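Visitor: Please see the structure below; I have some questions.
Each value in this text was obtained by applying a stated rule to the coordinates, not by laboratory testing. Fair warning: this is a prediction, and the values are worked out from it, not measured in the lab. Counting neighbours? That spans all protein chains shown, and the Cβs are built from the backbone with ideal geometry, glycine included.
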């Protein structure tokens, strides 16, 4: 626990990308020694940068819906952790949407952080950046998510819950029919088991 706390303090003080970001860095990561469900997305958006809470935006609402948890559970249960591929908001690109996560963040922190989270039993890889880093799979996100069963039980690839993926979700009806119920069952199992043990 002390090593994790020290690393989180180090991450919180990180300014490695300060000269490249259009704002003051504000690393957003939320994990604990009790984390059993780890959510790995792309990078914080503008609203998350402002609030300091991961998935504190409409994407988070959709993600929580997929998981079958409310806001209080998402932020209140130590078993749920969030560590994106980059911890700071990368800024908005000129044509809309956010810039991709800078690779430097994962290079600096990811291996060290994951090594201190030994109780993680399910990792949600949200979007192509997380999937490529964790799985080494260069295929399009659609193909990786379609093969979701191949990575169970430790990993579940998901599309990003952004409104930009609404058309994808409408075309790929298997996601709501098969993947979401599986995800909700796994999340409920993780949270209910811990509730029974406490």
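Visitor: Using 17 Å as the cut-off for backbone N distance, which residues of the range 1-40 belong to the label zone defined by a point 7 Å from the Cα of residue 78 along Cα→Cβ?
Guide: 1-9, 30-38
Visitor: So if the hydrodynamic radius of the range 86-141 is defined as the Kirkwood radius over C-alpha pairs, what does Stokes-Einstein give as its diffusion coefficient at 4 °C and 1.567 mPa s, in µm² per second?
Guide: The calculation lands on 100 µm²/s.
Visitor: How do 24, 10 rank when sorted from fewest to most other Cβ atoms within 10 Å of their own Cβ?
Guide: The order, fewest Cβ neighbours first, is 24, 10.
Visitor: Take residue 169 and residue 18, extend 7 Å from each Cα along the Cα→Cβ direction, and tell me the distance between the two endpoints in nm.
Guide: The modelled label-to-label distance comes out at 3.9 nm.
Visitor: Points 7 angstrom from Cα along the Cβ direction at residue 71 and residue 116: gap in nanometres?
Guide: 3.0 nm
Visitor: According to the Cα gyration tensor, what semi-axes, each the square root of 5 times an eigenvalue, does the equivalent ellipsoid of the range 53-99 have, listed from largest to smallest in whole Å?
Guide: 24, 13, 8
Visitor: Neighbour counts of other C-beta atoms within 10 Å: give me 88, 14 arranged from fewest to most.
Guide: 14, 88
Visitor: Using the eigenvalues of the Cα gyration tensor, what equivalent ellipsoid semi-axes result for the range 126-198 when each is taken as the square root of five times the eigenvalue, whole Å, largest first?
Guide: 24, 16, 11
Visitor: Let me ask something else about it. Once Rh for the chain is found with the Kirkwood sum over Cα pairs, what is the Stokes-Einstein diffusion coefficient at 20 °C and 1.002 mPa s, in µm²/s?
Guide: 125 µm²/s
Visitor: Next question, about the same structure. Based on DSSP, what percent of beta bridges with both residues in the chain are antiparallel, to the nearest 5?
Guide: DSSP beta bridges in the chain are roughly 15 percent antiparallel.
Visitor: From the mean inverse distance of alpha carbon pairs (Kirkwood) and the Cα radius of gyration, derive Rg over Rh for the range 65-167.
Guide: 0.95
Visitor: Give me the number: length gained by fully extending residue 188 to residue 51, i.e. 0.36 nm times residue separation minus the C-alpha to C-alpha distance, one decimal in nm.
Guide: So the chain would gain 46.6 nm between residue 188 and residue 51.
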